[in-house]
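One structure is given below, encoded as structure tokens.
None of the figures in this text is laboratory data; all of them are computed from the coordinates on show. Keep in mind that what you see is a predicted model, and the values were worked out from it rather than measured. All Cβ positions, glycine included, derive from the backbone under ideal geometry; neighbour counts span all protein chains shown.
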Amino acid sequence: MRLGVIGLGRIGTIHAENIMKLDDVELYAISDVREDHLKKMAERFNVARAYVDPYELIEDQKVDAVLVCSSTDTHADLVVACAKAKKHVFCEKPLSLILEDVNKMIEEAKKNKVILFVGFNRRFDRNFRKVKEAVEKGTIGEPHILRITSRDPEPPPIDYIRVSGGIFLDMTIHDFDMARYVMGEEVEEVFSTGSVLIDKEIGMVGDVDTTVVVLRFKSGALGVIDNSRKAIYGYDQRLEVFGTRGKISVDNVRESTVVFTDEHGDRGSRYLYFFLERYKEAYLEELKAFVDSVRNNKPPAVSGEDGKMALLLGYAAKKSMEEKRPVRLEEVML
């Protein structure tokens with residue numbers, strides 16, 4: 001299988017590296033608008049077909065499927081072009097910040113019978129998968145409360161925040177997808193609040209850096225998500241589901257299991273620093289799932305509809321914070 005990667009920033013490079021690890025899969029073509037960077041990546045990965053224009057990659061007849069890892073504002077046009085070219089496509093989250101564009105992407109993929117796979121990598125973390133399986137099997141009984149903590153070690157650059165769509169569409173969107181995935185049901189109402197507690201510049205570009213979101217699922221179960229752009233102790237990724245027969249939880253992953261003990265008590269290793277380290281294995285499993293979908297014509301593990309629902313939850317959270325009230329999901333649907 002010949003794959004093409006569009007956009008060779010942090011995520012695109014991770015995917016390119018992972019393609020090289022798979023059997024019977026070739027990193028056949030790459031594209032990046034930064035010509036000098038593209039040349040370096042072509043040399044690094046020994047790729048002969050390197051395109052500054054991503055549409056030339058899409059039109060390359062020998063490319064079987066495409067990974068779209070470029071900036072969010074380019075996703076819609078590139079995914080639609082892939083679909084029209086009959087190329088299966090993996091698209092990093094979010095599909096788009098514009099709901100109409102997401103609907104068009106889903107429609108074109110269906111019309112042209114191509115797979116549209118959305119990059120919500122946390123679904124492929126082995127620990128979160130075990131929680132999902134336990135909930136499905138009824139191990140904890142009927143789920144009543146979901147708690148998700150997601151805190152970054154440092155904020156992204158202000159220039160990035162300015163075009164990111166805000167914390168709910170950039171950061172919390174992962175947690176919205178995880179909430180639906182783990183609970184196996186839809187959210188009907190969202191209530192959110194947020195503050196600027198870390199960096200005043202974030203507030204000056206119209207965003208917040210600290211948030212709490214309450215979700216009400218259709219069953220009546222509740223979810224609580226807390227986000228912070230800066231946790232000084234590292235990447236904080238925890239999850240718990242409480243039910244009628246018990247609870248199941250995932251703690252943070254550390255650099256090692258070594259514990260040093262002295263008269264002051266125990267000291268363990270630091271948490272893994274950020275998402276590239278924490279979800280290294282999940283990114284590879286995600287790619288394997290995409291390849292399996294393409295090769296065996298299987299429905300994608302994360303569909304365009306999943307991407308759309310996470311976006312809608314982000315819309316609802318933003319509206320809730322602005323209007324200081326709970327927002328039902330149908331209020332933000334087209």
Item to check | the chain, helix-only ellipticity at 222 nm - DSSP H runs n ≥ 4, -39,500 (n - 2.57), divided by all residues, nearest 500 | outcome: -12000 deg cm²/dmol
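Please give the net charge around His37, taking every other residue with its beta carbon less than 13 angstrom from that of His37, where Lys and Arg add +1 and Asp and Glu add -1. List each step's numbers first, then the result.
Values: positive: Arg10, Arg34, Lys39, Lys40, Arg44; negative: Asp32, Glu35, Asp36, Glu43.
Its environment carries a net charge of +1.
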Checklist outcome for this item: In order over the range 227-233: 3J(HN,Hα) from phi, Karplus 6.51/-1.76/1.60, θ = phi - 60°, whole Hz, x for each Gly or Pro, gives 10, 9, 7, 8, 10, 5, 8
Checklist entry - So how tilted is helix 280-296 from the main axis of the chain? Cα-based, degrees 0 to 90, rounded to 10. => result 50 degrees
Checklist entry - Given springs between every Cα pair under 10 Å in a Gaussian network model of the chain, which of Ala109, Ala317, Ala42 has the largest fluctuation? => result Ala42
Checklist entry - What residue among Ala317, Leu239, Leu329 has its Cα farthest toward the positive end of the dipole of the range 180-334, where the charges are +1 on Lys, Arg and -1 on Asp, Glu, each on the Cβ? => result Leu329
Checklist entry - Between the helical axis of 10-19 and the dominant principal axis of the chain, each derived from Cα atoms, what acute angle in degrees is found, rounded to the nearest 10? => result 70 degrees
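Highest mean first, what order results for 114-121, 100-107 on Cβ atoms within 10 Å? Don't skip to the answer; put the middle values down first.
Working: 114-121: 24.1, 100-107: 18.4.
Per-residue Cβ counts within 10 Å, averaged per peptide and sorted highest first, yield 114-121, 100-107.
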Checklist entry - Relative to the longest principal axis of the chain, what angle (0 to 90°, nearest 10) does the C-alpha long axis of helix 172-183 take? => result 80 degrees
Next on the checklist: If I compute volume of the Cα convex hull per residue in Å³ from the structure I just sent, which labelled value in (1) 173; (2) 157; (3) 142 lines up?
Outcome noted: (2)
Checklist entry - Tally Lys and Arg at +1 and Asp and Glu at -1 over the other residues with C-beta under 14 Å from the C-beta of Val205: what net charge comes out? => result -3
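With a sphere of radius 11 Å drawn around the Cβ of Asp226, what net charge do the other residues whose Cβ falls strictly inside it have (Lys, Arg +1; Asp, Glu -1)? Walk me through the numbers on the way to the answer.
Numbers: positive: Arg147, Arg151, Arg238; negative: Asp175, Asp236.
Local charge sum for Asp226: +1.
Could you tell me what percent of the DSSP beta bridges with both partners in the chain are antiparallel, to the nearest 5? Can you show the working numbers first?
Numbers: 35 of 62 bridges.
Around 55 percent antiparallel, to the nearest 5.
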Item to check | Debye, to nearest 20: dipole size of the chain, +1 on Lys, Arg Cβ, -1 on Asp, Glu Cβ | outcome: 700 debye
Checklist outcome for this item: With x for Gly and Pro, the residue-by-residue ³J(HN,Hα) of the range 313-319, computed from phi through the Karplus equation 6.51 cos²θ - 1.76 cosθ + 1.60 at θ = phi - 60° and given in whole Hz, is 5, x, 4, 5, 5, 5, 5
Checklist entry - Dipole of the range 117-265 (Lys/Arg Cβ +1, Asp/Glu Cβ -1, origin at the Cα centre): which of Phe191, Ile145, Val224 lies farthest to the positive side? => result Ile145
Item to check | Centroid-to-centroid separation of the range 1-50 and the range 308-334 [C-alpha atoms, Å] | outcome: 37 Å
Checklist entry - What list of ³J(HN,Hα) couplings, whole Hz, do you get for the range 253-264 from phi and the Karplus terms 6.51, -1.76, 1.60, once you set θ to phi - 60° and write x for glycine and proline? => result 9, 9, 5, 7, 9, 5, 10, 9, 10, 9, 5, 8
Next on the checklist: Take the residue pairs Lys86/Lys308; Lys62/Lys93; Lys84/Lys111 and return only those whose Cα atoms are more than 20 Å apart.
Outcome noted: Lys86/Lys308; Lys62/Lys93
Checklist outcome for this item: For Lys93, other-chain or 5+-apart residues with amide H closer than 5 Å (H placed, Pro excluded) are Gly119
Checklist outcome for this item: For Lys130, the lysines lying under 19 Å Cα to Cα, once residues fewer than eight places off in the same chain are dropped, come out as Lys247, Lys280, Lys288
